[in-house]
Structures are given as structure tokens and as C-alpha cells.
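S.K.: My questions all concern the structure below.
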Amino acid sequence: MRRALLAALLALSLCSACGAKPNPQGDSAEEDLIVVGMSQVGAESDWRVANSESMKAVFTEENGYRLLFDDARQKQENQITAIRKFIQQQVDYIVLMPISESGWDSVLQEAREAGIPVILVDRMVDVEDESLYSAHIGSDFLREGTAAVDWIESAYPDGEPVRIVHIHGTLGSTAQLGRTAALEEAVACHENWELLARLDGDFTQAKTYEVMTEYLARLSGREDVDVVYCENDNIAFGALQALEEGGYVCGSDGVNVVTFDATRNALLDCLNGRISLAVECNPLLGPLVEETIQAMEMGRMPEKQQYVEERVFTAAQLTTALIEERVY
């Protein structure tokens, strides 16, 4: 019954659904399990680890699923290989956290021809035919970036110079594209904003510490840096370490560090004044992915674009109790 509903749903949305497929396991005890093949970017950040844990907590055998989880280790070719393996295994659904937006048309076409719905999580893909995926569940990264630059604007209201170091995440990823676009647009609109440098942090603490340390070493003395715009918390942690080792004070009396994700450790640094602004990016997407799968199991078309609710934090919005209550 499940596969008949999926076939009908795919025929409606893609016009190329296949018929029912045999259960990939062959074990009668598992015939009723919904098999989900999941390709995760890796474990490059605290956010990514929390995102994986959210998925694994939902897609359990107790909840009626068999999860085939693949860690791509930050390589897109590993994700493409994993998707093709999922197709061979005849899974019921493919859940993809794409490393970058481009390069997915062919393999997603293969999934469609096999009659397997693809659900995008966190990041998006740039494909000519949007029917190659059933839904996207994640954050509005441009909106996150806009929230951050709005705060920077409010922190420097009198036209004083604002010297910014921008440390971006993995190039071509949806998070990087959205957060970068917001900053670039704001810099273009503010004559008093100066982009001192754009550094590649690749969403990791170690790489950010390395590139920020090298950048600060090239400066003649301790030159003014007003804002460091970090595209995730692990970038912020690497930048904080490099800045403080370089003699910079971080916080409202020195360098304002702006970050995205708002994991527990980043919020602690925000409460303590080392981070000035933390823009939330909610990693707990497992329940929303399950809701989408269950909708498709019942023959309903899922909402194509699903954004999660998120907040913005400064020290004024935080307490120790609020941070301790957070799951990630």
C-alpha cells in the first residue's frame, strides 16, 4: 500500500513514477519498516552533529523506520556515490543534506527514474527541474544574514567607520550563499562600512583559527577591526581564539563577533560578552522531515519549501537557565 501511494504521488508531482518495488531487505519482520537513505555532509561543526543526532533519534525501528546513514566527510562525490547506492538498495526515501548547491541534476534524475522521493534538508540544490526533489526543510539563510546586518547597523548608528572581516563557510553551500549575500548587499549600501578581508573558514574551527591567525599577522600592529562576521559558531570559536591571542578584546568594548547557529557554547560566549550577536539556525529538523514523509505516506503532496522558526540572541536575551534548557 505504501509503495502504491508513493508511486501515485510521484506520478502527480514528477509525471515519471515507477511501479511498486520489492522491499530492499527481504526479511518479512522488516517489511513494514520505511527505509530511509540519508546522506549527511559530515561532522564538521557542532550544528552538524546536532542535526545528525536529531535525524537518528527520529528514524528508529521503534518509530517504524530503517535508517541507512552515510557520512560524506565533506565530499560531494561521496554523497553522489551514496545516493546511487541508496537507489540500488531500493530505499523508500532519500534524505539529502547537500554540501553545495550545484552538480545534482543527474543523480537526482536517477532517483526520480527509480521512483524514490528526495527530501532536501538544511541546504538547497540548484537544479533546472525543481520537481527532482519533493521538499526542502531548513533555514532561510538570507533572512538570517539580514538579521545579522540589521544588528550591525543598529550597533553603529552614527555613520562611524565599520571595518569588517568576513569569514565565510563552505563556498557554494546554501548557508554560505545566503549569509554572504546579506553582508555584501549591506556593505554596498553603507559608505562607512569597509570589508577588510574575506577569509575561507569552511565552517570549521581549526581552519578559521589558521586563516585568521595568518591574516592578523599580516597587519601592521594591532589595526582596528570592528566586526568579524562568522558564518557559523565553529568559525566564531576559531576567530575568537585567534583574535584574543593577537591581543584583541572581543565584545562591545572591542571587536564585535557576529555568529550563526546559536549552539549552547556560542550562547554561553554571548552571555559572557565574547560574542556580540548569535543568530539561530535550528538543527533539530528530524521531526519536520518525518512529518513530510508521513504526509507522503498518506498520499499528500508535502509543502515544497519549509522554513523553521529561529531567533536572534544578544546577552540581553540570555540567561544561564535558558541556555541550559537548549538541546544543542
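S.K.: How many residues, within the range 144-159, are touching a helix residue (DSSP H, G or I) at 6+ places or on another chain (Cβ under 9 Å), open to solvent by 30 Å² or more (accessible area, probe 1.4 Å) and within 17 Å of residue 194 (Cα to Cα)?
M.R.: 2
S.K.: Give me the pairs: first residue in the range 134-147 and within 18 Å of residue 302 (Cα to Cα) and aliphatic (A, V, I, L, M), second residue open to solvent by 40 Å² or more (accessible area, probe 1.4 Å) and part of a helix (DSSP H, G or I), beta-carbon distance under 6 Å, and six or more apart or on different chains, which are they?
M.R.: That search, which allows pairs on different chains as well, returns 137/288.
S.K.: Against the condition open to solvent by 10 Å² or more (accessible area, probe 1.4 Å), under 20 Å from the mean Cα position of the chain (by Cα) and in contact (Cβ under 8 Å) with a residue 12 or more places away in the chain, how does residue 195 come out, does it pass? Before the answer, list the steps.
M.R.: Details: open to solvent by 10 Å² or more (accessible area, probe 1.4 Å): yes; under 20 Å from the mean Cα position of the chain (by Cα): no; in contact (Cβ under 8 Å) with a residue 12 or more places away in the chain: yes.
It is false that residue 195 is open to solvent by 10 Å² or more (accessible area, probe 1.4 Å), under 20 Å from the mean Cα position of the chain (by Cα) and in contact (Cβ under 8 Å) with a residue 12 or more places away in the chain.
S.K.: Moving on. Which count do you get for residues in the range 230-264 that are surrounded by fewer than 23 Cβ atoms within 10 Å (Cβ to Cβ) and hydroxyl-bearing (Ser, Thr, Tyr)?
M.R.: The total comes to 2.
S.K.: Being open to solvent by 70 Å² or more (accessible area, probe 1.4 Å), part of a loop (DSSP other than H, G, I, E, B) and either hydroxyl-bearing (Ser, Thr, Tyr) or more than 23 Å from residue 240 (Cα to Cα) (or both) is the filter here; which residues of the range 305-315 pass it?
M.R.: 309
Yes/no matrix, rows are residues, columns are (1) crowded, with 22+ Cβ neighbours inside 10 Å; (2) at pLDDT below 95; (3) touching a helix residue (DSSP H, G or I) at 6+ places or on another chain (Cβ under 9 Å):
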residue: 266; (1), (2), (3): yes, no, yes
residue: 284; (1), (2), (3): no, no, yes
residue: 292; (1), (2), (3): yes, no, no
residue: 299; (1), (2), (3): no, no, yes
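S.K.: Could you give every pair whose Cβ atoms fall below 8 Å, whose first residue belongs to the range 316-328 and is surrounded by 11 or more Cβ atoms within 10 Å (Cβ to Cβ), and whose second residue is modelled with pLDDT under 95, counting only separations of at least 6 or pairs across chains?
M.R.: Close Cβ pairs (under 8 Å, with a partner that is modelled with pLDDT under 95) amount to 328/46.
The values are calculated or read from the model by the stated rules, or taken from the named source; none is laboratory data. Given the structure is predicted, the values throughout are model-derived calculations rather than measurements. For neighbour counting, all protein chains shown are included, and Cβ atoms are generated from backbone atoms with ideal geometry for every residue, glycine included. The protein model used for the area step is the full one, side chains on, heavy atoms only, and it has no ligands, DNA or RNA in it. Shrake-Rupley method; radii C 1.70, N 1.55, O 1.52, S 1.80 Å.
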